[in-house]
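Working notes for the structure below.
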Number of protein chains: 2
Amino acid sequence: MNVSMRPIGFVRSPYSETAQVPKGFGAQHDAEGTIEILPEYELGLTDIEGFSHLFVIWVFDRSDGWELLGTPPTDTKPHGVFATRSPYRPNPIGLTVVKLVGRDGAKLRVVGLDMLDGTPVLDIKPYLSSIPESELRRGWLDEAEARRAAQQ
Amino acid sequence: MNVSMRPIGFVRSPYSETAQVPKGFGAQHDAEGTIEILPEYELGLTDIEGFSHLFVIWVFDRSDGWELLGTPPTDTKPHGVFATRSPYRPNPIGLTVVKLVGRDGAKLRVVGLDMLDGTPVLDIKPYLSSIPESELRRGWLDEAEARRAAQQ
């Protein structure tokens with residue numbers, strides 16, 4: 001079973017190369033840019049202005065291949081791809097939460113981009129609720145941060 | 001440009017029909033079930049046990065077609081598809097945050113399913129941080145809730 005997806009729009013971001021995207025400990029994703037939805041889908045943005053944050057589901061269109069284990073920039077040990085945000089995934093899907101600043105027709109002005117300029121977008125959904133931080137456990141990432149803090 | 005995706009696994013949930021999935025105001029998603037990853041991807045789950053919550057990206061495989069405007073079960077007015085969680089989307093992608101209870105090999109025991117039994121899963125990612133509830137605005141959903149409260 002294969003599922004075929006097509007872009008509903010594209011990201012306009014300040015990053016043209018992967019090396020420019022902040023990664024690892026303390027990475028701040030405050031890049032501003034736009035998500036330009038294709039004209040035929042603009043009606044689907046109706047009332048989106050009321051939401052402060054959006055999920056953007058997109059394609060890692062410039063990462064080749066995938067691996068089940070990989071060492072992320074935040075650690076020195078390998079972890080399973082489904083326990084990381086690695087771009088080398090069986091299905092090259094990216095997920096980013098952005099803050100919606102405004103809308104000009106089919107263009108969404110957003111903050112928090114971590115995608116390259118030209119990245120194809122597959123879907124946008126409203127961000128409705130959060131898991132309280134006090135209930136979150138972050139596995140290897142917490143451990144890697146603790147190791148790093150102990151070394152300093 | 002088309003992107004072809006293939007399932008990495010399937011959801012085992014208590015819901016066999018859409019009508020059984022809680023929807024609308026006050027819907028509680030506390031259904032328990034499993035996500036069964038295909039054997040060839042099991043290694044990609046390495047270290048996932050350390051995370052309390054996961055993003056599950058999946059396919060609305062039993063919804064036909066799509067519409068740019070639709071009236072959700074939580075309102076009496078139509079809204080753009082990208083401002084709702086409607087299953088009738090240009091790309092039939094679902095996104096659910098689940099709580100990870102445990103792992104048995106390639107099976108993840110989770111709470112919070114809102115998918116039908118047999119739903120194909122495309123990707124799993126760790127849930128790393130939340131937007132504070134105080135910073136969230138929820139547009140038409142807040143308005144619909146306020147109208148409903150005023151009518152009671």
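The values are calculated or read from the model by the stated rules, or taken from the named source; none is laboratory data. Just so we're clear, the structure is a prediction, and the values are computed from it rather than from any experiment. Note: ideal-geometry Cβ built from the backbone for every residue, glycine included; neighbour counts use all protein chains shown. Heads up: the accessible areas ignore ligands, DNA and RNA and are worked out on the full protein's heavy atoms, side chains in. Shrake-Rupley method; radii C 1.70, N 1.55, O 1.52, S 1.80 Å.
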Next item on the list: Can you pull out the buried accessible area for chains A and B, both sides counted, probe 1.4 Å, rounded to the nearest 100 Å²?
Entry: 6100
Check: Of B:L122, B:L100, B:L68, which is the most mobile in a GNM of chain B whose springs link Cα atoms less than 10 angstrom apart?
Finding: B:L68
Checklist line | Copy-to-copy label separations for A:G118, where each label sits 7 Å from Cα toward Cβ, in nm and ascending | finding: 4.2
Check: What's the FRET efficiency of B:A27 with A:R148 using the Cβ-Cβ distance as r and R₀ = 45 Å, to the nearest 0.05?
Finding: 0.65
Checklist line | Net charge contributed by nearby residues that have their C-beta within less than 11 Å of A:P78 (K/R +1, D/E -1) | finding: -2
Margin query: With a 1.4 Å probe and all protein chains left in place, how much accessible area per residue does the protein assembly as shown have, in Å²?
Written below: 46
Check: Mind checking which of B:S86, B:S16, B:S129 has the largest fluctuation in a GNM of chain B, springs on alpha carbons under 10 Å?
Finding: B:S129
Next item on the list: May I ask for the distance between the Cα centers of region A:13-55 and region B:1-37, given as a whole number of Å?
Entry: 26
Note to self: Under 10 Å, Cα contacts only: if you run a Gaussian network model on chain A, which one of A:I131, A:I35, A:I48 comes out with the highest mean-square fluctuation?
What the structure shows: A:I131
Check: Using the scaling law 2.2 N^0.38 Å as the reference, what is the normalised Cα Rg of the protein assembly as shown?
Finding: 0.97
Check: Taking a 19 Å limit on the Cα-Cα distance, which of the listed pairs A:K107/B:K77; B:K99/B:K125; B:K23/B:K107; A:K23/B:K125; B:K23/B:K77 fall beyond it?
Finding: A:K107/B:K77; B:K23/B:K107
Next item on the list: Please report, largest first and rounded to whole Å, the three semi-axes of the ellipsoid equivalent to chain B, where each semi-axis is the square root of five times an eigenvalue of the C-alpha gyration tensor.
Entry: 29, 19, 15
Next item on the list: For n ≥ 4 DSSP H runs only, could you compute -39500 (n - 2.57) per run for chain B, divide by its residues and tell me the 222 nm figure to the nearest 500?
Entry: -2500 deg cm²/dmol
Note to self: Taking all protein chains in place and a 1.4 Å probe, what share, in percent, of the accessible surface of region A:9-143 do carbon and sulfur account for?
What the structure shows: 50
Notebook entry, point to check: Which shape class applies to region A:1-71: rounded if a/c is under 1.5, otherwise prolate when a/b exceeds b/c and oblate if not, where a ≥ b ≥ c are the square roots of the Cα gyration tensor eigenvalues?
Noted result: oblate
Next item on the list: In square nanometres and to one decimal, what's the mean projected area of the convex hull around the Cα atoms of region A:93-152?
Entry: 6.8
Next item on the list: Within 10 Å of each Cβ in peptide B:92-104, how many partner chain Cβ atoms are there on average? Round it to a whole number, please.
Entry: 2
Next item on the list: Over the residues of region B:34-84, compute the C-alpha Rg and express it relative to 2.2 N^0.38 Å.
Entry: 1.74
